[in-house]
Amino acid sequence: MPESIFYQPIKYVKGVGEARAKILSKLGIYNVSDILSWFPRDYEDRSTFRKISEASDGEDILIKASLVSDITESRPRRNLTITKVMVSDGSAFLNLTWFNQKYIANSIKTGSEYYFYGKIKRTGMLLEMHNPVVEKVDSEQKITGRILPVYPLTKGLTQNNLRKITENALNMVRGKFQEILPASLRREYKLSEVNFSYEQIHFPSSFSNLNEARKRLVFEELLLLQLAMIHTKGENTAQKGIKYSPVDMSPLLDKLPFKLTDAQKKVFREIEADMESEKRMNRLIQGDVGSGKTIIAFLALYKAVKNGYQGVFMVPTEILAEQHYKSASKLFDDLGITVRLLTGSMKKREKDEVKKLTKDGKIDIVLGTHAVLEEDAEFYNLGLVITDEQHRFGVRQRAKLSIKGENPDLLVMTATPIPRTLSLVLYGDLDVSVIDALPPDRKPIKTYAVNDAMRERIYNFIRKNVAEGRQAYIVCPLVEESEQIEAESAEELAERIRENELKGLRVGLIHGKLRPSEKEEVMRQFVDGSLDVLVSTTVIEVGVNVPNANIMVIENAERFGLAQLHQLRGRVGRGSHQSYCILFNQSKSEISKQRMEIMVKSNDGFEISEKDLELRGPGDVFGVRQHGLPEFKIANLYRDMEILKEVQSAVRKIIDNNLLNEDCDYRPIKERLIEIYNKRVKELSLN
């Protein structure tokens, strides 16, 4: 493959030059390959014309018509020229209007037929089209009579600019794309050839060709991702880990005030098998809010310590670290296991003491926040690393902790329910265990979707529960990407309820403008019961346990994703009292109504995240950056679920039959994977 053509700087493509290359760089387009992978987000069907009489309001349509009136031009104000004309195709009349396009008056005339493409606006019997595209019927059709791509743009670029540049880039590389998918694989999954696919994805000659091209390119993107993740996982599992000996767990299990659920036992058996093998453990524990992941972590830590190793358990917030520390101390102190806390806000003297004792091997388990990543936090014999909430700690941070020991086992825990169909894509580099049942004593949280008419009743309900000794959360959405506005709206709400609806109750407030230490302090007051109601704009910290809080009120619930609403709801229902979640829904839309119904009917996080995926798509559900969801060039995980399933079946065959190493037809895929791997290593080293 003549690589040099594909990696030629974009400025050398006809129609670009230095200035436009600068604009294209804002889109991440630097060379020929980049522009060819800048796929259309949509298409305009200008391939077949329709009768004016068939047009619907709001529809984009191509018509073939002649002028039936004179062209008029008016200038209602400076800098605004309006050009108007009426056309007909014999089936109906259509009024055309152009704004600030003076050349139109000279480019169309009576007696000739034209193609007009644009959006129909219907007012009663009157049909209009604003700023339509025009092309003479007997001319060489460049902008009509075909399907045209619609690209994501940036300031200084038009669709026509990008179409011409892409067409010129395609002309440079026509027939030169290297086919990396073997013919047998393409036959089995009905995948088109690579050169055809790139031509047709940008300038399709028909919608069936476009669908074929898209399937091929999505398949290739997902296939390379899955194989790259399996390669990473293979590297992880190929690393020799610690081979732990079996341990009698009964001293710890006997101290628990409850029995493990079957789901917890199953997941711990998987962890034991990992720890007792020679391979290094790389496992994700996925469990709904309240499913009992923390006790699984404690069991794994106990096993590591009884084998003579140290363990570290890292969580995102200081309050959560303190809560885990209290629970762990209660369990481990009598069993001769030393547990210490390490957080950023501890006094330097205390921190130094914990670090020294850890380095000398006098501490068995360290529970902490990012403080455990500090360079001078060293271990005597680290054997197990546990991180809570996958999305808070990236690959680099996990690696940073891992090098504090010699290939220690790794356990990652998340309470974010990922639809089963997606977990392979999101966590392909980890083995996944799911705790798919809640403890039997957990009462389902009663959930209600209400409107403003219920507000007074809800506040009375909060008062009644606080009088009985309970606490409540009130969560506001992030109104805009502005901490200023966010803070004001929360402050206003807190102020209002302090003075009016909940006068006499102790109301606390957390918002984005508070310093982390201030947020921690307010949260601490709520945890220890010196606040009755907590108003919050930020998502209440993951996993913080306030068993006494039994009401969660969510303002403007329609602004949150379902997965997020479920996470918030999981902040209550942690004690013995019946808990409630009240969703104030201000939207009258059908989709909002559907989403609220799902929340009212289901307490199952996995079911809810599947529905959220269905209604909103993966980008909205997870937040690409937050969850490390790959940013695809063409694949869309919800839309392409069927292709993803085919890819997963292809990947199984490739791996089971060792085709990457034993079949020369698969060598191009292997070479591409090595290229991806080397690029990733380079990026990691640069960061």
Exercise. What ranking, highest mean first, results for peptides 151-164, 212-225 when packing means the other Cβ atoms within 10 Å averaged over each residue?
Worked result: 212-225, 151-164
For this session: Could I have the simple spin-label model distance between M641 and S602, label points 7 Å from Cα toward Cβ, reported in nm to one decimal?
Result: 1.0 nm
Problem set entry | Pairwise FRET efficiency - K464 versus K326, Cβ, R0 = 41 Å, nearest 0.05 | 0.85
Exercise. What number, in percent, do you get for the relative contact order of the range 72-164 if the mean sequence gap of Cα pairs under 8 Å and at least 6 apart is divided by its residue count?
Worked result: 19 percent
For this session: Assuming 1.306 mPa s and 10 °C, estimate D for the range 24-116 with Stokes-Einstein, Rh taken as the Kirkwood radius over Cα pairs, in µm²/s.
Result: 98 µm²/s
Problem set entry | Residue among S4, A19, F49 farthest towards the positive dipole end of the range 1-51, charges placed on Cβ | F49
For this session: Determine one quarter of the surface area of the Cα convex hull of the range 270-362, which equals its mean projected area, and express it in nm² to one decimal.
Result: 7.0 nm²
Exercise. Under a point-charge model restricted to the Cβ atoms of Lys and Arg (+1) and Asp and Glu (-1), what is the dipole moment magnitude of the chain relative to its Cα centre, in debye to the nearest 20?
Worked result: 840 debye
Problem set entry | For the range 10-62, the spread of Cα positions along each principal axis, largest first, Å | 47, 19, 17
Seminar exercise, completed: For the range 29-125, listing chymotrypsin sites (Phe, Trp or Tyr not before Pro) in a DSSP loop whose Cβ sees at most 13 other Cβ atoms within 10 Å gives Y103
Exercise. For q = 0.09, 0.11, 0.21 Å⁻¹, what log10 I(q)/I(0) does the range 446-602 give under the Debye formula with an equal point scatterer on each alpha carbon and no solvent?
Worked result: -0.26, -0.39, -1.58
Problem set entry | Positive-end residue of L153, M172, H130, charge dipole of the range 127-180 with Cβ unit charges | M172
Seminar exercise, completed: Nearest-0.05 FRET efficiency for R269 and K513 at R0 = 56 Å, using Cβ-Cβ distance, is 0.75
Exercise. Hey, got a sec? Which GluC sites (Glu not before Pro) in the range 248-290 land in a DSSP loop and have at most 11 other Cβ atoms within 10 Å?
Worked result: E278
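For D376 and R174, FRET efficiency with R0 = 45 Å and r from the beta-carbon atoms, rounded to 0.05?
On the way: r = 59 Å, r/R0 = 1.31.
Step by step, r from the Cβ atoms, then E = 0.15.
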Seminar exercise, completed: Taking every C-alpha to C-alpha distance in the chain and binning by 10 Å from 0, the per-bin percentages run 3, 12, 18, 20, 19, 15, 9, 4, 1, 0
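When the helices in the chain are scored as -39500 (n - 2.57) per DSSP H run of 4 or longer and the sum is shared across all residues, what 222 nm value do you end up with, to the nearest 500 deg cm²/dmol?
It comes out at -12500 deg cm²/dmol, rounded to the nearest 500.
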For this session: Could you check the simple spin-label distance between R122 and K633, using points 7 Å along Cα→Cβ, in nm with one decimal?
Result: 4.2 nm
Seminar exercise, completed: For the chain, whose charge dipole is built from +1 on Lys and Arg Cβ atoms and -1 on Asp and Glu Cβ atoms, the candidate among L62, C581, L438 with its Cα farthest towards the positive end is L62
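Could you work out how much longer the chain between I23 and R506 gets when fully extended? Use 0.36 nm per residue separation minus the Cα distance between them, nm to one decimal.
Between I23 and R506, full extension yields 168.5 nm more.
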Exercise. Using a basic spin-label model with each label point 7 Å from the Cα along Cα→Cβ, how many nm lie between Q578 and S91?
Worked result: 6.1 nm
Problem set entry | Ordering of 127-136, 240-249, 564-573 by burial proxy (mean other Cβ atoms within 10 Å per residue, highest first) | 564-573, 127-136, 240-249
Seminar exercise, completed: Computed Rg/Rh for the range 250-435 (Cα atoms; Rh = Kirkwood radius) stands at 0.94
For this session: Figure the gain on full extension for A453 and R78 (residue separation times 0.36 nm, minus the Cα-Cα span) and round it to one decimal in nm.
Result: 130.0 nm
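No lab work stands behind these numbers, since they all come straight from the coordinates. Worth saying up front: this structure is predicted, and the values here are computed from it rather than measured. Ideal geometry is used to build each Cβ from the backbone, glycine not excepted, and the neighbour counts take in all protein chains shown.
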